[in-house]
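Quick note: the coordinates plus some simple rules give every number you see, no bench work behind them. Bear in mind that the values here come from a model prediction, so they are computed numbers and not experimental data. Cβ placement follows ideal geometry from the backbone for every residue including glycine, while neighbour counts extend to all protein chains displayed.
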Amino acid sequence: MSDAARSLYVDPGRRAVFKRLLEEQNSLHGFESQVYRKNGTMIWVSETVRVVRDGQGTPIFYEGFVEEVTGRRGLEEQFRQAQKMEAVAGWPGGSPTTFNNLTHRHQRVQRGRPRPAAAGRPVRRNRWWR
């Protein structure tokens, strides 16, 4: 594994994927990776690169640019969360609280715990069922 893979990429294997795809396709557009800045913070970048070759087809150098996309990725994640919440709002009684109550109730059943209202009390039936 190269020094750049360890010192630059958060996931060192991502550098190998980058190099393999570049050799196969001769160019990449919008290849996204998480990398380290000089100060050690992590950011997301989008790389657009092409291989420049000599007459025999040997790579001479790479040409391209890198764009920081950390902000865009954060907005995309917020959008995905908003879509999930909107989907939940479409359920009967739909609100995030309803969703949380349903998942909490499911977790209690999965763990074999009785519902709090039924613990140690007789089950009350509605009068119209009689």
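Details
- Within region 15-49, the residues that satisfy the criterion of being without any contact (Cβ under 8 Å) to a residue 24 or more places away in the chain and farther than 20 Å from ARG72 by Cα are ARG15, ALA16, VAL17, LYS19, ARG20, LEU21, GLU24, GLN25, LYS38, ASN39, GLY40.
- Residue satisfying all of: in region 7-54; among the basic types (Lys, Arg) and farther than 20 Å from THR70 by Cα; surrounded by the fewest Cβ atoms within 10 Å (Cβ to Cβ) among these: ARG20
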